[in-house]
Each structure stands twice: as C-alpha cells, then as structure tokens.
Amino acid sequence: MSAATGDAGEGMTRAAGSDARKASAGPVPTPEAVVPEPTPVPTWNVANILTLSRLVLVPLFVVALFAGDGADTTWRAIATGLFVVASATDQVDGWVARKYGLITDFGKIADPIADKALIGAALVGLSVLGELPWWVTIVIAVREIGVTLLRFWVIRHGVIPASRGGKAKTMTQIVAIVVYLLPLPAGADPVRWALMGLAVLLTVVTGVDYLVRAVRLRAAGRRATGA
C-alpha cells in the first residue's frame, strides 16, 4: 500500500470517527430565540380618554338641561347637543379600543359606568322636570342595576357578550331621550311616547334574556367545576 493510500485511509477513518462523535453528541445547540414580551397597554390612551370625557360631559349636560328651569329653548338645544356628543363617544371609544388594541381593565370598568351615568342623568332629569313619567325611569334604572349585579354574580364563570337586542336597546334609549330633549312642539308627543315605549319594551325583554343567560352560564360553570 502506498503512503498516499495510507494517508487517505487514515483521513477517512478520522473523519468517520468525527462524524460518529457528532452524531452521538446530538444536534449542535443553537441560541434560544428571544420572545419579546407584549407591550403593556397604557391606561391613559385615546379610548379611555374618550370614556372619561363622557363622564365629564354628564354634569355639563345636567346643568344645561336645568338651565332656565328646563324651558329655555337655547339651553335645551345645548343640552341635546352635549348628550349626542357624549353618546357618540360611547361608540367611538369602543371602536378605537378594539381596532388599536387599547382594551384595559380600567376601560372595562369605566365604560359601562359612564354609559349608565349619562342615560341615568338624562332620565332622572326629564322626570324631575315632569316631562317623563317616573315609572319609566325606575324600570330602566332597575334593569341596568340588575344587569350590573348579574355581571358580578357570574364573573367567576365567564362574561356574557352584548347581544344584538342589548345594542338595539341602547340605541333606542338614546334616540328616545334625544327626542324628549329636543324643544319640539306638542304635536311630537306621540312620537316621543312611541319611541320611549319601544325603549322600555326592549329594556325589559333584554333584561329577562340577560337573566336567563346568566343563570345558564352560572349553572354550566358550576357543573364544570363540580361545585
């Protein structure tokens, strides 16, 4: 055997041994990929600022509503405008929060509080002025407070999403309140009554629906946990 052949054979033996050692040692470790932590959503964001602006507008709306004993046309128009702007922020802040990922725990709490404060202030104000029967205000207030309590009752088992009926209820309430706020002639009374009657009907129906869904959710949660 020539020297060249011997060297080649020895080289192949060393290479084979090296390959065998690499195979037995397993794959060459690679640096672990660094997974960036999600950036926390700041509490002071556009969506939450819009929600807070709705809360700020509530007392301004009440002042405008009662200015001139509620009979001044200019002030009633201003009160209506403030109510419409505040109601619009309810639609905008939710859209902004979902689109840009600005949903926070603060927003989840503050948003429904701002909604109830605005609707409640309008209903109570109209009833104090003698323009809306107190029973209407009481029915709507009891429903809203009841739904809030139901949310806390089932919060351990999940969250009941807003239904189409609930959204229709809210929109109908807003439209009915706007029609009551506007300084319209007495001929518009049948329209006011019809809209508010529809709002009360939807308020009651969706309240019962929410109660049923809450009971079912709680029952399902208790079965899942064996409680």
Go through Ala110, Ala88, Ala67 for me and flag whichever is part of a helix (DSSP H, G or I), at pLDDT below 80 and of a type in the set (Gly, Ala, Ser).
Ala110
Matching residues in segment 70-80 - criterion: being open to solvent by 20 Å² or more (accessible area, probe 1.4 Å) and either at pLDDT 95 or above or assigned to a helix (DSSP H, G or I) (or both):
Thr73, Thr74, Trp75, Ala77, Ile78
Within the group Ala214, Ala224, Ala199, which residue is over 25 Å from Ile113 (Cβ atoms), more than 17 Å from the chain's Cα centre (by Cα) and part of a helix (DSSP H, G or I)?
Ala224
Of the residues that make up segment 175-185, is at least one modelled with pLDDT of 95 or more, crowded, with 16+ Cβ neighbours inside 10 Å, touching an Asp or Glu at 6+ places or on another chain (Cβ under 8 Å) and on the phi < 0 side of the Ramachandran plot?
yes
Only one of these is open to solvent by less than 80 Å² (accessible area, probe 1.4 Å) and under 29 Å from Trp75 (Cα atoms): Ala219, Ala214, Ala188. Name it.
Ala188
Can you pull out every residue in segment 154-164 that is surrounded by fewer than 15 Cβ atoms within 10 Å (Cβ to Cβ) and either assigned to a helix (DSSP H, G or I) or touching a Pro at 6+ places or on another chain (Cβ under 8 Å) (or both)?
Arg164
Which residue is nearest to Gly130 (Cα to Cα), if the candidates are limited to segment 191-211 and must be open to solvent by less than 40 Å² (accessible area, probe 1.4 Å) and β-branched (Val, Ile, Thr)?
Val200
Would you say Leu150 is more than 30 Å from Phe66 (Cα to Cα) and touching a Phe, Trp or Tyr at 6+ places or on another chain (Cβ under 8 Å)?
yes
Trp134 meets each of (1) more than 24 Å from Leu65 (Cβ to Cβ); (2) open to solvent by 80 Å² or more (accessible area, probe 1.4 Å); (3) of a type in the set (A, V, I, L, M, F, W, C) with one exception, condition (1)
Scanning segment 115-130 residue by residue, the ones that are open to solvent by less than 30 Å² (accessible area, probe 1.4 Å) and within 13 Å of Thr148 (Cβ to Cβ) total 2
Hey, any hits in segment 97-106 for a residue that's in contact with a Leu (Cβ under 8 Å, 6 or more places away or on another chain), touching a residue at least 12 places away in the same chain (Cβ under 8 Å) and not charged (D, E, K, R)?
no
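The values are calculated or read from the model by the stated rules, or taken from the named source; none is laboratory data. Small disclaimer: the values here were computed from a predicted structure and weren't measured. Using ideal geometry, Cβ is built from the backbone for each residue, glycine included, and neighbour counts are taken over all protein chains shown. Please note that ligands, DNA and RNA were not included when accessible areas were found on the heavy atoms of the full protein model with its side chains. Shrake-Rupley method; radii C 1.70, N 1.55, O 1.52, S 1.80 Å.
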